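The values are calculated or read from the model by the stated rules, or taken from the named source; none is laboratory data. Worth saying up front: this structure is predicted, and the values here are computed from it rather than measured. A quick note on method: Cβ atoms are made from the backbone with ideal geometry, for glycine too, and the neighbour counts reach across all protein chains shown. In case anyone asks, the SASA skips ligands and DNA or RNA and just uses the protein heavy atoms, side chains included. Shrake-Rupley method; radii C 1.70, N 1.55, O 1.52, S 1.80 Å.
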Amino acid sequence: MPSPRDTLITWQGRVLLRFVAVVQGKLARHRFRPDVALRNASMRAAHRRGVTKSDLMRVTGLSAQTVAKALAGKPTDQ
């Protein structure tokens, strides 16, 4: 049985995943907007809390390469 802390971390990751989806869908359509940096930071935070790269790709519609760059803290084209 997962500990309460593990459950909380998983829950936080899922909330961050939804936040990433909202930022991507509504705000981060242009690469020079600061919202892209917010999206990328949120993706990294969600990933640290157990959200998989494939979940991030599915929710955002971004390519594997773009998600990998964002998770590595590198600039993204989108």
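So the values come out like this:
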| item | result |
| --- | --- |
| Set of aspartates and glutamates near Lys74 by C-alpha distance (under 16 Å), chain-local residues within fewer than 8 positions excluded | Asp35 |
| Distance in nm between pseudo-label sites at Leu38 and Gln65 (7 Å out along the Cβ direction from Cα) | 2.8 nm |
| Neighbourhood charge, 12 Å Cβ-Cβ cut-off, centred on Gln12 and excluding it, Lys, Arg +1 and Asp, Glu -1 | +4 |
| Calculated mean projected area of the Cα convex hull in nm² (choose from (1) 4.8; (2) 5.5; (3) 6.1), label | (1) |
| Residue-span extension gain [Lys74 to Ser3] - 0.36 nm each, minus C-alpha spacing | 22.2 nm |
| Of all accessible heavy-atom area on the stretch 1-70, the percent that carbon and sulfur account for (1.4 Å) | 60 percent |
| Å² per residue, accessible surface of the chain at 1.4 Å | 65 Å² |
